[in-house]
Structure formats: structure tokens, C-alpha cells
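The structure under discussion appears below in the form of C-alpha cells.
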Amino acid sequence: MKVIICGAGRVGYGIAERLSEEGNDVSVIDNQPSLISAITETLDVSGIVGHGAHPEVLAKAGADQADMLIAVTLFDEINMVACQVAHSLFNVPTKIARIRSQNYLAPEYSDLFSREILPIDVTISPEVEVGKMVLRRISFPGATDVVRFADDRIVMVAIECMEDCPVVETPLKQLSELFPDLNATVTGIFSNGKLFVPNSSDQLHSGDLAYVVCDKGHVRRTLALFGHEEQEAARIVIAGGGNIGYFVAKAIEDYQPKTRLKIIESDRERAVAVAEKLRNTVVLHGSALDQKMLLQADIQDADLIVSLTNNDQINILGSVMAKRLGCKQNLVLINDPAYEDFTKSLGIDAHINPRAVTISGILQHVRKGRIRSVYAVQKGSAEVIEAEALETSPLVGRPLREIELPPGIRIGAVYRDKAVIRPDGDTKIKAKDRVVLFAVAAAVRHVEQLFRVSIQYF
């Protein structure tokens with residue numbers, strides 16, 4: 001596949017890294033020579049210095065041969081124009097744009113990104129997607145990651161195994177026998193720095209991170225089995241009243257009105273603007289690194305601090321300080337992946353990487369076959385994928401025990417007729433079933449083949 005990426009920042013770099021590793025022909029455009037130099041020196045991609053929306057620059061990048069254009073510069077307008085030029089002059093089939101401003105995404109302007117007006121096939125809004133991720137984490141305390149699939153009926157939760165949890169040192173097959181009515185499957189395990197897909201004889205150990213796919217109604221019971229019985233937060237402090245912080249606060253006000261909410265925002269004008277838009281939220285002007293400000297927000301009585309500023313250091317240090325002052329849990333936004341390795345030792349309970357969320361959203365549209373949703377875990381070491389089975393799929397019609405799945409793939413759940421099925425050896429996948437599975441990076445191509453539309457491969 002020939003892919004052009006406009007923007008060589010963190011998101012653009014992350015997408016280029018994934019696609020080039022998978023053998024795609026990738027060209028990256030950016031007007032900063034230093035970024036192009038850095039990306040071409042470290043990745044197997046071609047780099048072009050220039051404006052991503054200019055026709056001659058797109059032509060130089062090979063737009064006339066491109067299968068896809070992904071515009072992820074810092075400016076919505078450049079991303080939009082790049083897609084328009086790619087469509088009008090070069091007839092690029094698929095165009096994806098990152099749109100950060102919510103003004104463009106308002107329901108009353110839903111026709112804006114149509115083929116007749118602005119021909120953008122997919123819009124990615126990082127603030128909204130990250131906001132939704134934060135809300136999911138708040139809904140299931142104890143999970144370090146939460147993603148929903150299949151009309152929100154299936155949930156993937158990443159859960160750290162505690163010392164006293166009843167599932168450790170027990171073969172996974174035995175767990176199925178002990179809890180036959182629990183609709184949950186351990187699909188991946190991160191242990192001692194390595195991620196792998198387990199078999200029925202493997203065991204979980206204290207400190208392991210388990211990726212569990214389960215029925216939404218069984219999530220809390222699953223968390224309890226892993227030693228997590230944290231109560232949903234009733235008092236929340238949000239550090240940062242930007243787009244994400246406001247989105248989260250507004251959603252909590254709308255859907256969890258009993259939750260007591262406070263926001264700390266360092267920019268006075270923004271603090272006033274947010275305070276005017278929210279009904280029941282207390283907005284404080286100050287720094288999340290100011291101990292007096294944290295105490296003013298009653299951090300010592302808070303169940304959770306959610307740090308959503310655009311500064312990683314403030315997010316991390318503010319959250320650590322909050323826990324020292326008595327806050328029970330913290331959730332941190334981290335942009336720089338280099339910080340992720342230190343979160344656990346610093347006392348960070350859970351973190352979100354906006355780049356990873358954006359890349360996952362884009363990968364869904366890069367994958368061949370009937371792929372409905374993709375979520376990358378452990379810096380792209382594996383993906384949780386929701387795919388629709390077609391009549392031609394080799395998975396259809398036979399019991400799973402008779403099918404030799406490629407190594408590195410484990411099916412977590414099947415969604416059929418609005419019911420969630422926990423797969424076992426006797427399960428037969430039918431056409432139109434939606435299958436949620438876990439696949440290590442090396443096995444993703446096999447997943448595409450399993451759910452392929454045959455004509456794509458002729």
C-alpha cells in the first residue's frame with residue numbers, strides 16, 4: 001500500500017513507524033527539515049520537506065499513485081485542504097484527517113466532510129477520543145485500560161494481577177472450569193517486560209498485566225476476581241480545563257450528576273470560560289503543582305485526580321503529589337511514550353497516551369478485510385481487533401478446535417444477534433458474527449487474511 005502522511009510530529013511519526021514496519025510504501029511530508037531528517041534517518045520512509053497541502057509537494061510524494069492520505073499536521077485547515085487537493089487533483093481513494101476543533105464537528109455541520117463538499121473519508125478527533133477513554137477508565141476503576149467493542153457490548157480490560165487475587169498461579173483452563181458462568185477470556189499477558197498470547201496451560205502471576213475480553217455486564221466481577229474492588233469515584237478533581245478536561249467534566253455532569261467535580265486550570269481566561277459553560281463544577285484558577293491549590297480543591301478527600309494538562313511533567317508530578325496528600329487514585333495523560341515506563345514506580349495507577357489512541361483510530365482504516373475496530377496495546381506490540389466474519393472466511397462453519405489459528409492470535413468473544421458468546425472448542429463462527437480477538441503485531445496480517453474480502457486478493 002502506498003501511503004502519504006502529512007505531518008511528521010509524534011502522531012505522524014507513530015503512524016509512519018507502524019506502516020513502514022508492515023512493509024507499506026510510506027512518504028512523509030512536513031515543512032520542518034529537522035523533523036523530516038529525524039524520521040528518514042530512523043524509519044524506512046521517504047521524506048519531503050514542504051507544505052502538505054501544496055499540489056507540487058503532494059505530486060513529489062507520489063500522490064498520483066497513493067492509496068491513502070493521512071493528514072495529521074497541527075492545523076485542521078491544512079489537514080482539510082490536503083485531503084481536498086489529494087481528491088481533486090490526484091484522486092486518492094482514502095483520505096483521513098485529524099480535526100481538533102470541535103466547531104467543525106458540530107452535528108449541524110455533519111455534511112461538511114461529504115464527498116461533494118470536503119471529501120474526507122474519515123475524521124479523527126483526538127480530544128473526543130481521549131475524553132471517551134478517560135470516561136471509560138473512570139467507569140471501571142481498577143482497570144489500567146478499557147476499550148469497548150461490538151456496540152459497547154464487549155469490553156477489553158487490562159488488569160494488573162494483585163498478590164492476593166484468586167486467579168494467580170492457576171492454569172487458565174482451570175479458571176474456565178471454576179467460573180463457568182463468567183463470560184470473560186484472558187487473551188494476552190504482559191509479564192516481565194514481554195507480551196504474549198497465552199494457551200490454556202499458562203498461568204498468571206502477581207504483577208502480570210492481563211488483557212481480558214469480556215461481556216460488559218461481567219466487567220466488575222472480572223475486576224474483583226483479579227483483586228480489584230475499587231469503588232467508582234464520587235469525588236473527582238480534574239487538573240486541566242482544556243478541550244479534554246472540559247469534555248470529561250461536561251459528560252460527568254450530564255451522565256453522573258451525583259459526582260462532585262472540581263477543575264484546576266492555570267489559565268485565568270480559560271478557567272472563567274469553562275466555569276461559565278459548566279453548571280455544577282467548581283473551577284479553580286491555579287496550578288496543579290501548587291500544594292495549597294490541591295488542598296483548596298479538597299484533594300485529601302478526593303477519590304480520583306485526572307491530570308489532563310498539555311504538560312506531561314505537571315500531569316505526573318501533580319498526580320503523585322495528590323496521592324501523597326490523600327487522594328485515593330490517579331489517572332494521567334502522558335504524551336511522551338518515554339515516560340510510560342516509569343509510571344508504575346512513581347505511583348501512577350493508570351495513564352492514557354493520546355498518540356496511541358489516535359494511531360489506533362487510524363489503523364482501523366488501514367487494515368484490510370472486514371475490520372471494524374482496532375486498538376493497539378503496549379506501544380504497538382499487539383492489537384485488539386473487532387472483525388466481521390464473511391461466508392468466505394476460513395473461520396466460518398467449523399468448531400474452533402478444528403481450526404489451526406496462526407500463532408499469536410486468541411479469540412476473546414463473539415457477538416451474534418446482540419448476544420456475547422465466550423468461545424470454546426465447540427464454538428462455530430457464523431457469517432456476519434463480529435469477532436473480538438487479540439493479536440501480536442506479527443500476526444496482524446494473518447487476521448486480515450482470516451477476515452478478508454476475497455476480491456481484494458485476486
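Determine which single condition Leu118 fails, assuming it passes every other condition in (1) closer than 26 Å to Ala413 by Cα; (2) at pLDDT below 90; (3) crowded, with 18+ Cβ neighbours inside 10 Å.
Answer for Leu118: the failing condition is (1).
Could you check Ala82 against (1) of a type in the set (Gly, Ala, Ser); (2) farther than 18 Å from Asp25 by Cβ; (3) surrounded by fewer than 18 Cβ atoms within 10 Å (Cβ to Cβ) and say which number it fails?
(3)
Quick check, is Glu404 without any contact (Cβ under 8 Å) to a residue 24 or more places away in the chain, part of a loop (DSSP other than H, G, I, E, B) and out of contact with any His (no Cβ under 7 Å at 6 or more places or on another chain)?
Judged against the criteria, Glu404 is a match.
Within region 274-285, restricting attention to residues that are in contact (Cβ under 8 Å) with a residue 24 or more places away in the chain and assigned to a helix (DSSP H, G or I), which residue is surrounded by the fewest Cβ atoms within 10 Å (Cβ to Cβ)?
Applying the filter and picking the extreme gives Lys277.
Which pairs have Cβ atoms under 8 Å, sit 6 or more apart or on different chains, and link a residue in region 173-185 that is part of a helix (DSSP H, G or I) to one that is surrounded by 16 or more Cβ atoms within 10 Å (Cβ to Cβ)?
Leu175/Val167; Leu175/Val186
Can you tell which of Arg370, Arg355 is among the charged types (D, E, K, R) and either in contact with a His (Cβ under 6 Å, 6 or more places away or on another chain) or within 16 Å of Phe149 (Cα to Cα) (or both)?
From the options Arg370, Arg355, the qualifying one is Arg370.
Of all residues in region 216-236, how many are farther than 16 Å from Arg136 by Cα and hydrophobic (A, V, I, L, M, F, W, C)?
3
Of everything in region 9-30 that's assigned to a loop (DSSP other than H, G, I, E, B) and under 20 Å from the mean Cα position of the chain (by Cα), which residue is nearest to Thr73 (Cα to Cα)?
Gly9
Pull up region 286-308, narrow it to residues that are among the hydrophobic types (A, V, I, L, M, F, W, C) and touching a Ser or Thr at 6+ places or on another chain (Cβ under 7 Å), then point me to the one that is surrounded by the fewest Cβ atoms within 10 Å (Cβ to Cβ).
Looking only at region 286-308, we keep the residues that are among the hydrophobic types (A, V, I, L, M, F, W, C), and these are 288-289, 293-295, 297, 299, 302, 304-306, 308.
Pick out the ones that are also touching a Ser or Thr at 6+ places or on another chain (Cβ under 7 Å) and you get 288, 293, 305.
On the way: Ala288: 28, Met293: 18, Ile305: 32.
Ranking the qualifying residues of region 286-308, first place goes to Met293.
Return the residues of region 70-100 that are under 21 Å from the mean Cα position of the chain (by Cα) and closer than 13 Å to His365 by Cα; say none if nothing qualifies.
Ile70, Lys95, Ile96, Ala97 - these are the residues of region 70-100 that are under 21 Å from the mean Cα position of the chain (by Cα) and closer than 13 Å to His365 by Cα.
Any idea which of (1) touching a strand residue (DSSP E or B) at 6+ places or on another chain (Cβ under 9 Å); (2) at pLDDT 95 or above is the one Thr94 doesn't satisfy?
Tallying (1) touching a strand residue (DSSP E or B) at 6+ places or on another chain (Cβ under 9 Å); (2) at pLDDT 95 or above, Thr94 fails exactly one: (2).
How many residues does region 380-401 hold that are in a strand (DSSP E or B) and more than 11 Å from the chain's Cα centre (by Cα)? If you could, list the steps in order and put the result at the bottom.
Of region 380-401, the ones in a strand (DSSP E or B) are 382-388, 396, 399.
Subset that is more than 11 Å from the chain's Cα centre (by Cα): 382, 385-388, 396, 399.
Going through region 380-401 one residue at a time, the tally reaches 7.
Tally the residues that are of a type in the set (A, V, I, L, M) and touching a Pro at 6+ places or on another chain (Cβ under 6 Å), restricting the search to region 187-224.
Qualifying residue count for the region: 1.
For region 199-219, how many residues meet the condition of being touching a residue at least 60 places away in the same chain (Cβ under 8 Å), surrounded by fewer than 20 Cβ atoms within 10 Å (Cβ to Cβ) and outside any strand (DSSP E or B)?
1
Residues of region 241-273 being among the β-branched types (Val, Ile, Thr) and assigned to a helix (DSSP H, G or I), which ones?
Those that are among the β-branched types (Val, Ile, Thr) and assigned to a helix (DSSP H, G or I): Ile244, Val248, Ile252, Val272.
If a residue has to be within 28 Å of the chain's Cα centre (by Cα) and not in a loop (DSSP other than H, G, I, E, B) to count, how many in region 38-58 make the cut?
7
From the list Leu58, Leu105, Leu74, exactly one residue is at pLDDT below 95, of a type in the set (A, V, I, L, M, F, W, C) and under 22 Å from Ser34 (Cα atoms). Which is it?
Unique residue meeting the criteria: Leu74.
For region 355-368, enumerate the residues that are in contact (Cβ under 8 Å) with a residue 40 or more places away in the chain and crowded, with 19+ Cβ neighbours inside 10 Å.
Arg355, Ala356, Val357, Thr358, Ile359, Gly361, Ile362, Leu363, Val366, Arg367
Output the qualifying pairs, or none if there are none: Cβ atoms under 7 angstrom, residues six or more apart or on different chains, first residue in region 72-95 and among the charged types (D, E, K, R), second residue not in a helix (DSSP H, G or I).
These pairs meet every condition: Asp76/Ile99; Asp76/Arg100; Asp76/Ser101; Lys95/Leu69; Lys95/Pro119; Lys95/Ile120; Lys95/Asp121.
Can you find a residue that is in contact with a helix residue (DSSP H, G or I) (Cβ under 8 Å, 6 or more places away or on another chain), within 23 Å of Gly193 (Cα to Cα), crowded, with 17+ Cβ neighbours inside 10 Å and hydroxyl-bearing (Ser, Thr, Tyr) anywhere in region 371-389?
Yes - at least one qualifying residue is present in region 371-389.
Out of curiosity, is Asp417 surrounded by fewer than 15 Cβ atoms within 10 Å (Cβ to Cβ), outside the structural domain of Met68 (by TED's automatic domain parsing), over 23 Å from Leu195 (Cα atoms) and in contact with a Pro (Cβ under 6 Å, 6 or more places away or on another chain)?
Working: surrounded by fewer than 15 Cβ atoms within 10 Å (Cβ to Cβ): yes; outside the structural domain of Met68 (by TED's automatic domain parsing): yes; over 23 Å from Leu195 (Cα atoms): yes; in contact with a Pro (Cβ under 6 Å, 6 or more places away or on another chain): no.
The answer is no for Asp417.
The values are calculated or read from the model by the stated rules, or taken from the named source; none is laboratory data. None of the values given here were measured: they were computed from a predicted structure. Counting neighbours? That spans all protein chains shown, and the Cβs are built from the backbone with ideal geometry, glycine included.
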